[in-house]
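Chemist: Handing you a structure now.
The values are calculated or read from the model by the stated rules, or taken from the named source; none is laboratory data. Since the model is a prediction, treat every value here as computed from it, not as a measurement. Note that we place each Cβ from the backbone using ideal geometry, even for glycine, and neighbour counts take in every protein chain shown. Note: accessible area is taken over every heavy atom of the protein model, side chains too, but ligands, DNA and RNA are not part of it. Shrake-Rupley method; radii C 1.70, N 1.55, O 1.52, S 1.80 Å.
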Amino acid sequence: MISAFLTRSPIPDPRSPTPDPRPPKIIAVVKANAYGHGASEVGLALERAGAAMLACADIEEGIVLRRAGVRIPILVFGALGISDLDGVFEFDLTPTVSTPTAAENLAAAAQKRGQSPFPKRDLSPFAETANGDRSSLLRCHLKIDTGMNRLGFRYDNIARTLPAIAKSEYLAIDAVYTHFATADEPEHPAFGDQRERFEQVLAALPALGLRPRYRHAANSAALLRDQRVWYDFVRPGLLLYGIVPPPLAATLPLRPALSLHSRIVAVKGLRPGEGIGYGLRGADDRVRTVAVVPAGYADGLDLRLSGQGCMLVRGRRALVVGSVCMDMSMIDVTGMDVAPGDEVVIVGTQEPEAVGVREIAASIGTIPYELLCRVGARIQRVYE
């Protein structure tokens, strides 16, 4: 069995390092099953901790959160398909308007409903709309593409694309936001360019008939880099789970929320020249001992860990050897006194050693986000 233990990690305080009389509120990002941590449990914990809003990738993720009991506003980042718009209304979600088509489809759906999609109770800091209190208004966030060239209205074309949205009888644009493409690359000039473009868009919106009450732009990396982009809300993702986006560093008192554990199920001796697992890889001219760990790529372990990554057993590092299989991996425990049943730490601490997600990602040439999102559904999650 393989288990993930998840501990409470403090929500980054946006007042650090420089106090502000009006610190931004937090839109907590819980997309991709809360980065593999478990969206329902994490979403409820963040709500209790004081997050102003949650954010997810699509309507289906938002529905999972609502069914878990989350009551605070839920922002849907992603593009919206025509067939699933009912979920926006039925589950009280806040959609993103990022294309003219999305605006048209949302307005048509709101018109068809002919009534407020939101309950009468005031659940959110977005309760008062900028365009009035007409019952058919659907509260939305507007996304501006300031240079990432993904979703959003191009910053240099808003005079043509946004007036129709401003005139909509069914959409209320409560907030406007953008997303940085290079926030985690301190030397890249695009970060500053995007910030300036967003400021220009904000200044131009009133003349186009849009007066959103709120602005947000900062993901985890941008939050750490530049207080000027904190605006009214910040959108931490990776930081919420106790990990600083590489290659950035921070003095925030963070503790990784997730540790990944398993136990040895078998110990085997290898003769010189014998390989291990599929392809009989990792042959060596030494006599060796390997331990079998019931965790493989179906659980999120990367094939590239072989010969690169380590697991912890008896407080020591043991190299992953042979092929990472669907359900099992092997570690080299030569010279170690281990036995079936011994705990193995795949991610986390086993004194005096520790293996972090940033270290694992760097060893195989990927990013922590990918590894966390891969944590398999069949892994037992234990919340402490």
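Chemist: Might you check whether a residue that is surrounded by 15 or more Cβ atoms within 10 Å (Cβ to Cβ), touching a Phe, Trp or Tyr at 6+ places or on another chain (Cβ under 8 Å) and in a strand (DSSP E or B) occurs anywhere in segment 333-350?
Modeler: yes
Chemist: Looking at R228, R197, which one is touching a helix residue (DSSP H, G or I) at 6+ places or on another chain (Cβ under 9 Å), outside any loop (DSSP other than H, G, I, E, B) and either over 28 Å from G81 (Cβ atoms) or open to solvent by 70 Å² or more (accessible area, probe 1.4 Å) (or both)?
Modeler: Values: R197 fails: touching a helix residue (DSSP H, G or I) at 6+ places or on another chain (Cβ under 9 Å).
Answer to the selection: R228.
Chemist: Only one of (1) surrounded by 16 or more Cβ atoms within 10 Å (Cβ to Cβ); (2) in a loop (DSSP other than H, G, I, E, B) is not met by A291, so which one is it?
Modeler: Looking at each condition in turn, A291 falls short on (2).
Chemist: With of a type in the set (K, R), in contact (Cβ under 8 Å) with a residue 60 or more places away in the chain and farther than 24 Å from P245 by Cβ as the only criterion, which of R304, R317, R378, R286 stands out? Walk me through it before giving the result.
Modeler: Working: R304 fails: farther than 24 Å from P245 by Cβ; R317 fails: in contact (Cβ under 8 Å) with a residue 60 or more places away in the chain; R286 fails: in contact (Cβ under 8 Å) with a residue 60 or more places away in the chain.
Result of the check over R304, R317, R378, R286: R378.
Chemist: Moving on to the next point. Closer than 24 Å to G242 by Cβ and either polar (S, T, N, Q) or touching a Lys or Arg at 6+ places or on another chain (Cβ under 6 Å) (or both), is that true of V64?
Modeler: No: the conditions fail for V64.
Chemist: Moving on. Residues of segment 366-384 being open to solvent by less than 60 Å² (accessible area, probe 1.4 Å), assigned to a loop (DSSP other than H, G, I, E, B) and not polar (S, T, N, Q), which ones?
Modeler: V375, G376, I379
Chemist: Looking only at segment 182-221, which residues are acidic (D, E) and closer than 30 Å to G242 by Cβ?
Modeler: As a first pass, look at segment 182-221 and keep what is acidic (D, E): 184-185, 187, 193, 196, 199.
Listed by number, the residues that qualify are D184, E185, E187.
Chemist: Scanning segment 251-285 for residues that are in contact with a Ser or Thr (Cβ under 9 Å, 6 or more places away or on another chain) and under 30 Å from K25 (Cα atoms), which turns out surrounded by the fewest Cβ atoms within 10 Å (Cβ to Cβ)?
Modeler: T251
Chemist: What tally of residues in segment 183-194 results from selecting those that are surrounded by fewer than 21 Cβ atoms within 10 Å (Cβ to Cβ) and in contact (Cβ under 8 Å) with a residue 12 or more places away in the chain?
Modeler: Start the filter on segment 183-194 by keeping residues that are surrounded by fewer than 21 Cβ atoms within 10 Å (Cβ to Cβ), which leaves 185-190, 192-193.
When the remaining residues are screened for being in contact (Cβ under 8 Å) with a residue 12 or more places away in the chain, the result is 186, 190, 193.
The number of residues fulfilling the criteria is 3.
Chemist: Further, regarding this structure: I'd like the full set of residues that are of a type outside the set (F, W, Y) and part of a helix (DSSP H, G or I), limited to segment 231-251.
Modeler: Selection gives L238, L239, L240.
Chemist: Could you please find all residues in segment 294-331 being outside any loop (DSSP other than H, G, I, E, B), within 26 Å of the chain's Cα centre (by Cα) and either surrounded by 19 or more Cβ atoms within 10 Å (Cβ to Cβ) or among the hydroxyl-bearing types (S, T, Y) (or both)?
Modeler: Y297, D299, L305, C310, M311
Chemist: Determine, yes or no, whether H216 is open to solvent by 30 Å² or more (accessible area, probe 1.4 Å), within 25 Å of P23 (Cβ to Cβ), in contact (Cβ under 8 Å) with a residue 40 or more places away in the chain and not charged (D, E, K, R). If you could, list the steps in order and put the result at the bottom.
Modeler: Details: open to solvent by 30 Å² or more (accessible area, probe 1.4 Å): no; within 25 Å of P23 (Cβ to Cβ): yes; in contact (Cβ under 8 Å) with a residue 40 or more places away in the chain: yes; not charged (D, E, K, R): yes.
Judged against the criteria, H216 is not a match.
Chemist: Enumerate the pairs (first residue in segment 242-257 and farther than 27 Å from E41 by Cα; second residue anywhere and among the aliphatic types (A, V, I, L, M)) with beta-carbon separation below 8 Å, excluding pairs fewer than 6 apart on the same chain, so at least 6 apart or on different chains.
Modeler: L248/A221; L248/L224
Chemist: Which fully enclosed helices (runs of 4 or more DSSP H) of segment 28-72 have 3 or more residues being touching a strand residue (DSSP E or B) at 6+ places or on another chain (Cβ under 7 Å) and open to solvent by less than 20 Å² (accessible area, probe 1.4 Å)? Give the derivation first.
Modeler: Values: elements: 31-35, 39-49, 59-68.
Here the list reads 59-68.
Chemist: Residue under question is A222, and the condition is that it be under 20 Å from the mean Cα position of the chain (by Cα) and part of a loop (DSSP other than H, G, I, E, B); does it hold?
Modeler: Considered against the rule, which asks whether it is under 20 Å from the mean Cα position of the chain (by Cα) and part of a loop (DSSP other than H, G, I, E, B), A222 comes out as no.
Chemist: Check whether at least one residue in segment 351-365 is modelled with pLDDT of 95 or more, assigned to a loop (DSSP other than H, G, I, E, B), open to solvent by less than 10 Å² (accessible area, probe 1.4 Å) and of a type in the set (A, V, I, L, M, F, W, C), and report yes or no.
Modeler: Taking every residue of segment 351-365 in turn, none turns out to be modelled with pLDDT of 95 or more, assigned to a loop (DSSP other than H, G, I, E, B), open to solvent by less than 10 Å² (accessible area, probe 1.4 Å) and of a type in the set (A, V, I, L, M, F, W, C).
Chemist: Which of the residues belonging to segment 143-158 are touching a Phe, Trp or Tyr at 6+ places or on another chain (Cβ under 9 Å) and either at pLDDT below 95 or among the aliphatic types (A, V, I, L, M) (or both)?
Modeler: I144, M148, L151
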